[in-house]
Structure formats: C-alpha cells, structure tokens
1. I need the strands (runs of 3 or more DSSP E) fully contained in the range 325-437, keeping only those with at least 3 residues that are over 30 Å from F276 (Cβ atoms) and either touching a helix residue (DSSP H, G or I) at 6+ places or on another chain (Cβ under 8 Å) or in contact (Cβ under 8 Å) with a residue 24 or more places away in the chain (or both).
2. Tell me which strands (runs of 3 or more DSSP E) are completely within the range 55-137 and hold 1 or more residues being within 30 Å of the chain's Cα centre (by Cα) and farther than 23 Å from G450 by Cα, or say none if there are none.
3. Given the criteria surrounded by fewer than 19 Cβ atoms within 10 Å (Cβ to Cβ) and either over 34 Å from the mean Cα position of the chain (by Cα) or free of Cβ contacts under 8 Å to residues at least 40 places away in the same chain (or both), does S266 qualify?
4. List the residue pairs whose Cβ atoms are under 9 Å apart, where the first residue sits in the range 183-196 and is at positive phi, the second is surrounded by 13 or more Cβ atoms within 10 Å (Cβ to Cβ) and part of a helix (DSSP H, G or I), and the two are 6 or more positions apart or on different chains.
5. Can you find a residue that is part of a strand (DSSP E or B) and closer than 23 Å to D137 by Cα anywhere in the range 256-274?
6. Considering the range 479-503 alone, what residues qualify as being buried (at least 16 other Cβ atoms within 10 Å of the Cβ) and modelled with pLDDT of 90 or more?
7. Filter the range 228-263 for residues that are crowded, with 16+ Cβ neighbours inside 10 Å and on the phi > 0 side of the Ramachandran plot and give the result.
8. Being within 17 Å of the chain's Cα centre (by Cα) and crowded, with 22+ Cβ neighbours inside 10 Å is the filter; apply it to the range 355-376 and report the residue that is farthest from R417 (Cα to Cα).
Amino acid sequence: MLKKSILVAYSICLSFYAYAQNEQDALRYSQNKLFGSARVQGAGGAFGALGADASAVAINPAGIALYRRNELSGSLAVTSYLIDSKYIGSINTESKTGLNIPQFGLVFTKVQQGFNGDETKDLVSYSFGFAVNRLNDFNQNTIFSGNNTKSSISDFFAEQANGRTFPNSTPFNSYVNDIAGMAWSTYLIDSIGAKKYGSTFVSNKDTAFSIHQSNIQQITGRINEYSFSSGLNFSNFIYFGASLLFQNVNYESSNFFKETVDKSSSPSNLYTSSNFTSIVKTQGTGIGGRFGFIVKPIDFFRVGLSYTTPVRLNLKDEYSYGLSTVVGGSNYNYDARERTDYFDYNLVTPSKLTVSAAILHPKLGFISIDWDQVDYKSARLTASNYEFVNANAAVKSNYTIANNVRIGSELKYKNSRFRAGYAYYGSPYNASSFGVSLDNPTQSISGGLGFLFPSVDNYSSDFYIDGAMVYTWNTYYQTPYQLLEKGKTSYSAENQFTMMNFIVTAGFRF
C-alpha cells in the first residue's frame, strides 16, 4: 500500500484535492504527445532531419529551408480515448471521441537559381512560414468505483483542518473554496483535541464500516503552438532555421467524488453520504523560440540539431469547490457554481534538445530517427504575490531528464507512400526520490498512406493527401485523496490509457 501511495502522490493525472498550483501543473503543461500532419505522425514523428513539412518546424525549424516550392496544408483528426480503471478490486471503463484540427501550415519559398540543386552555390533559397500544431490533447474521461473499508474522504478533510481554529457556529458560514471549512460546517469532521480534528468515523469510534466510493473526472483542453519560421538553404549542404513560437493553454477538469456509507458499527455515526465537486479551469499564453540546422553531407544522408527555449506561460486558474452531505437525515450543501476563486501565475517550461538523422533514397523512401532530451526538473513556477518554494523544490527533487525516441520510415511506390513509425516518450519522474519504480513511458505505434497527384508540368500546382493512424498507450495512477497520517490508508486507481488517432492531411504545392 505504501508503494502505491507514493506512486499516486506523483501521478500524471492531477488529483482533485491538489487545489493549489504545484509541481503537477509544471509537468502537465510541459509534456507533448505525438503531433503533426498525417505524414509526420504516420512516420512516428521522426522528422527532425527530413523537413519539407509545415508541421515539422515544431521539431526543427531548419526543415522549412528544404522547401523548393510554396505549400498550403491542413489536417483533420478523429481521436478516441479509452481508459480502464481499477480501484480497490473493481474495474470500470470510460471512453471519449472527438474531432480536432491537429495542424495547419503555410510556407512561401524563393529559389535563387533554378531547380537543379547541384548547380547552385551560396544562398540557394529562403523560406518563410506560419504553422499551427496541437502539441498536447487533454481530452479524456475517467470513472472508477469500489468499496472502501479503511478510510473516508472525511479523513482527508480532517488532515486539512489540523492546526486550524473554526468558530462555534451553525453551518453555512462563508468558507469560500476552503474545503476544511466546508467539511466542518457540513458535519464531516469533529474536534478531537486542541486544533486537532478527526473524521466522523474517528470521533464516533466507528472502526467496522464499509463505504462505496465513486469518482468521475471529465477533462477537456489542449496546448496549441503558433510558430512563425524562416529558413536559409546554403549550397544545398547546410540549412538553417529559426522560429518565434507562441503557445496557448486551455485546460478544464471537472471532478465528482461521491461516497455512501453502506455499513457502520457505531449508532452515533450519523454520516450517510457526501458529494465533493472540484472544477479547475486554466488558460494562458506564452512565448519562446526554436533554432536548428540540418546538414546534408551526401545526397542520401542528413543530420539535424535543434533547440527549443523554455517557454514562459502566463496562466490564470479559475477554481471552485463544492460539498454536499447527508448527516442525521439532514442535507448540507455548498454549491461549487457559486464559489469561484482566481489565481494568476507563471510557468517556465523546460527547454528541449533534439538530435536527428535520416537516410533517404529518392526512389525508395527514407528511414529516420529523432532523439529528444527534456530536463523536467528545470521547470519552475512564479507569481508576483506568492513564492512557490515547496512546489519548485518538488519539481527539482521529483522530476528528472527524460529521453524521447522517435523512429520512422517511408516506402515509395510510384505516386503512393507507405509509412510506419514508433515513438517512445520517457518518464519524467526521478525514481530515486521515491524508492520505487516510476517508469511509465508513453508509447505510440503508427502507420500511414499517402498519394501524390502531380500536375502536367513542374511549375503549376500539385495536390497530395495523406492519412495516418496512431495507437498510443501508457499507465498512470490517480487518487481521490491522499492521507499522510501514519496508519491511514489511501487507495489509488490504476488507469490503463489507450488512444486511437485518425488523421487526414491535404495540401497544395504551387
């Protein structure tokens, strides 16, 4: 149980009780999933050395310098999520399907000297482009339930109340978004000593109970990146690129936890049921940069290097909490819709270094590989009116440098393209901080198909269409409440996450 509690405390999915900004926020807005056009995703996202795709500027902006013509492209995706949750021996399944726009790009290119690359020297071409990429998609639903004979959410509320003094008053005092105050006013906790509180089970010496608990979480949102890029092609040998990027965060989580007492050993324990609601909305924007180059020493081989600077996100949280209980046959209620607070803060995300290589054949296709290094422990939270001493210390001690690997391939046959890829996103957790293994990477396998529709001559428009399917999976842990007092038991839900993503991209070259 201790081992699982440690896992839960630092799970990828934010537990609803974490009502203050903390290290989990730093992680959530720093991670990416496999993104890009159908061509990029179909090849596992390994496009750092390949370029010539508008969405690849989010990996290495030097790829824009490989264009020889102008291009307009856009993508549409259908994404389906499935989560199997196991909680205290019970299994529940929840799913969600949605439509989104994963990518859009526009590139303008000026070639200085003809189209025969071996005849050009010095500055061969320069390109400018604008791209939108969905770096992460938060949309998912989870549900879990089970019978708990060891603890209640009221135990958690009591721990939050310890060290506090509450007035001797009737319920419905104004405890705005103060969950300990709400629990006190709705008779979920009692005083058991000087500034010491216990749950209704502790105060009534109820030791043989059974509680049915259930949790429903609904999450929506995404991280979009808007980039303005430029690239230079020198002698068809070295390609430089730079991007000014803007990121936009939109996140909303609605969590509903309910428990009902099925059995009690104390007649004086009048607690029947409770519902705790947590709603968190986060919005914000940030700015950063990305720089890179690609070297082509021979026609069949390319290597690339890119660096993404930290992005400073200006975020605003809107959060509200509600609690309703049935105690002694009476109803007590704090409505979450009437209790909203706001908090402004900043998050500096980690930088990212990407090294890439590709082997190409003009008639057969390519094989490529990308490697990312992301130092998650370098993320930090700041605010004008608050010092995140504990949160930033937790970031440094709990997170580590993660390594991501993407491998992709494409096979050409006439005007058809067949693609396959694999992506591995390493765990951001520092296992040595907890004494247990937290190796929970996110992995994806993908495949794709593309068709070119060439024009009559080389100077008019071409049209292409690509399709891809990506299967992603990982395991994460989620807890409805974490008890820290010695001898108290917390349970976690083990969530098996899978995602199917279907992407279609269409584009014109002109």
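1. Output list reads 352-361, 365-375, 401-413, 416-425.
2. 71-87, 90-100, 123-137
3. Yes; evaluated as a whole, the condition is true for this residue.
4. Y187/T200; K195/A161
5. So far as the range 256-274 goes, yes, one or more of its residues are part of a strand (DSSP E or B) and closer than 23 Å to D137 by Cα.
6. Residues satisfying the conditions are P480, Y481, L483, Y491, S492, A493, E494, N495, F497, M499, N501, I503.
7. Matches in the range 228-263: N236 only.
8. Y376
The values are calculated or read from the model by the stated rules, or taken from the named source; none is laboratory data. Remember, it's a predicted structure, so these values are computed and weren't measured experimentally. Neighbour counts are summed over all protein chains in view; Cβ atoms, including those assigned to glycine, are modelled from backbone coordinates with ideal geometry.
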